[in-house]
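J.: There's a structure below that I have some questions on.
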């Protein structure tokens, strides 16, 4: 059996970076206005969701931890030990899994293609940064 080493500090930092990037990406300073328009979400919808925001952020953070942990396993398995190597592995994980699975949801959910590109641009950047973090800490 292959031994894996996952740095738990890298898992935590990767999850935090994911959340910080998401906060910027989907903010008015980033692509928030465009995302709201493409998603059909209004400020009234955002205001209605505010009482549940803490729970939503907590669930999202748990997902970010799992994603960072699993990507750390993949980085360890392939032996990526440089920032570029980690980002490279993450790119292929994004292309093979994130971009493809969300494409089906976009097509069957009849969502705007711009929303697909906006969301997947976020996941591409997030995964590549997390991959780089894991490989740098390997």
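J.: If each residue's Cβ is checked for other Cβ atoms within 10 Å, how do 16, 75, 129 rank with the fewest at the top?
T.: 16, 129, 75
J.: Once you sort the root eigenvalues of the Cα gyration tensor of the range 1-55 as a ≥ b ≥ c, which label holds: rounded (a/c under 1.5), prolate (a/b larger than b/c) or oblate (the other case)? Working shown, then result.
T.: Details: a/c = 3.11, a/b = 2.42, b/c = 1.29.
Here the range 1-55 falls in the prolate category.
J.: Shifting gears a bit: Among 94, 108, 123, which one moves the most in a GNM of the chain with springs linking Cα atoms closer than 10 Å?
T.: Taking springs between Cα atoms under 10 Å, the residue moving most is 108.
J.: Just order 100-106, 8-14, 51-57 by mean Cβ neighbour count inside 10 Å, highest at the front, would you?
T.: Listed from highest to lowest mean packing, they are 8-14, 100-106, 51-57.
J.: In addition: What is the spread of the Cα atoms of the range 1-101 along each of their three principal axes, largest first, in whole Å?
T.: Sorted largest first, the three principal extents are 52, 24, 24 Å.
J.: Here's something else I'd like to know. Divide by every residue of the chain the summed helix terms, -39500 (n - 2.57) for each DSSP H run of at least 4, and state the resulting mean residue ellipticity at 222 nm, rounded to the nearest 500 deg cm²/dmol. Kindly include the intermediate steps, with their values, before the conclusion.
T.: On the way: 7 runs with 104 residues, N = 138.
Rounded to the nearest 500, it is -24500 deg cm²/dmol.
J.: Next up: Could you work out how far the C-alpha centroid of the range 107-125 sits from that of the range 49-86, in angstrom?
T.: One Cα centre to the other: 19 Å.
We did not get these values from a lab; they are worked out from the coordinates using the rules stated. All values reported here derive from a predicted model rather than from experimental measurement. Here Cβ is always computed from backbone atoms with ideal geometry, including for glycine, and neighbour counts include all displayed protein chains.
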